[in-house]
Amino acid sequence: MSFGLGHGKPLVAGDVGIELLSLPPLPIAESVEAARVALGFDPRAWFIEPARRFEIEIGSGKGTFLLQQTELEPETNFLGIEWTSEFWVYAADRIRRRALPNVKLLRGDATEFLRSRVPDQIVSVIHLYFSDPWPKTRHHKRRVVQDHTLREFHRVLAPQGELRIVTDHDALWQWDLEHIDRARHLFERRAFERPSSAGEGELVGTNFERKFRREGRPFHAMTLVRL
Ligand SMILES: C[S@@+](CC[C@H](N)C(=O)[O-])C[C@H]1O[C@@H](n2cnc3c(N)ncnc32)[C@H](O)[C@@H]1O
């Protein structure tokens, strides 16, 4: 139980929340990839209807996109991944109170989770909205988009699966474009299509988008389709 963002009200992740650290350990193998295959883990088994379409949001923050979109898409299973405990428990508590059976929230590093626990070609969409820009050069390695993460996204995405990116941050956008250019054999760039839950004049309608919109910041957005 946590109080943090709950302003004195207890926050409970309940069975919406899952900790990366609580997952079955990887067996000893020559590489993480070999261990993942040997373990045979599949996160779709967390849902009541595991065969449904499966989407992942990296960096769900307070969970607003998940809450909005899942109500319009009850037939899709959504997994949010958030590494900050305070946001993770806040978002999981919101989802738990709405009793949404098709949303789970994992606490941990999304890139580590994808690499070590997600089988090939099972994800229809990866959502990456207002990812942390990590402006200092020595922190660039913490940015979600990297050459190796783009290869991982390509591996876990189903044929024609999509990576959807929105950011307000010019330098991060340039970084993303440079990396995506190097991965042009893996993805085709298309225009961003707003999810059905986006409000009037919004691209997605996350907390950060709403905050940055009030500050008058312009946004960049794209969809990458898996080749
Ligand atoms: C700037 S916030 C945006 C939150 C939300 N997407 C929004 O638009 O309101 C970025 C979030 O991504 C999370 N995050 C960054 N890198 C992550 C990673 N590798 N795995 C999981 N969460 C990550 C951060 O903790 C933070 O909550």
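Given the chain, report the % of alpha carbon pairs whose separation exceeds 21 Å.
The share of Cα pairs beyond 21 Å in the chain comes to 56 percent.
In the neighborhood of Leu100, defined by Cβ-to-Cβ distances under 14 Å, what is the net charge if each Lys or Arg adds +1 and each Asp or Glu adds -1?
Here the charged neighbours net out to -2.
Within segment 75-97, list the residues whose amide N lies under 15 Å from a label point set 7 Å along Cα→Cβ of Asp15.
It comes to 96-97, nothing else.
Enumerate lysine pairs in the chain that are 8 or more residues apart or on different chains, then count those whose Cα atoms are under 23 Å apart.
5
Could you check the spin-label model distance between Thr84 and Lys136? Points 7 Å from the Cα along Cα→Cβ, value in nm.
Result for the modelled spin labels: 1.7 nm.
Which residues does a label at Ser196 reach in segment 61-77, if reach means a backbone N under 11 Å from a point 7 Å past the Cα toward the Cβ?
The answer is 69-76.
Under 1.5 on a/c is rounded, so check that first for segment 26-154, then, if it is not, pick prolate when a/b is larger than b/c and oblate when it is not; a ≥ b ≥ c are the square roots of the alpha carbon gyration tensor eigenvalues.
Values: a/c = 1.84, a/b = 1.15, b/c = 1.60.
Judged from the Cα gyration tensor, segment 26-154 comes out oblate (a/c at least 1.5, b/c at or above a/b).
Roughly what % of DSSP beta bridges within the chain run antiparallel, to the nearest 5? Write down the numbers at each step before the final one.
Numbers: 11 of 35 bridges.
About 30 percent, rounded to the nearest 5.
What is the distance, in nm, between label points placed 7 Å from the Cα along the Cα-to-Cβ direction at Ala99 and at Glu178?
5.1 nm
Within 11 Å, Cβ to Cβ, of Arg226, how many net charges do the neighbouring residues add up to if Lys/Arg are +1 and Asp/Glu are -1?
-1
Taking the number of other C-beta atoms within 10 Å as the exposure measure, put Arg107, Arg142 in order starting with the fewest. Mind showing how you got there, number by number?
Details: Arg107 23, Arg142 13.
In increasing order of surrounding Cβ atoms, one gets Arg142, Arg107.
Give me the net charge of Tyr90's neighbourhood, meaning all other residues with Cβ under 13 Å from the Cβ of Tyr90; Lys, Arg count +1, Asp, Glu -1.
+3
For the chain, give the magnitude of the charge dipole about the Cα centre (Cβ charges: +1 Lys/Arg, -1 Asp/Glu; no others), in debye to the nearest 20. The partial results should precede the final answer.
Details: 33 positive and 32 negative charges, 73 e Å.
My answer is approximately 360 debye.
Taken together, the values in this text are just the output of simple stated rules run on the coordinates, not laboratory data. Just so it is clear, the model here is predicted, and its values are computed rather than measured. A quick note on method: Cβ atoms are made from the backbone with ideal geometry, for glycine too, and the neighbour counts reach across all protein chains shown.
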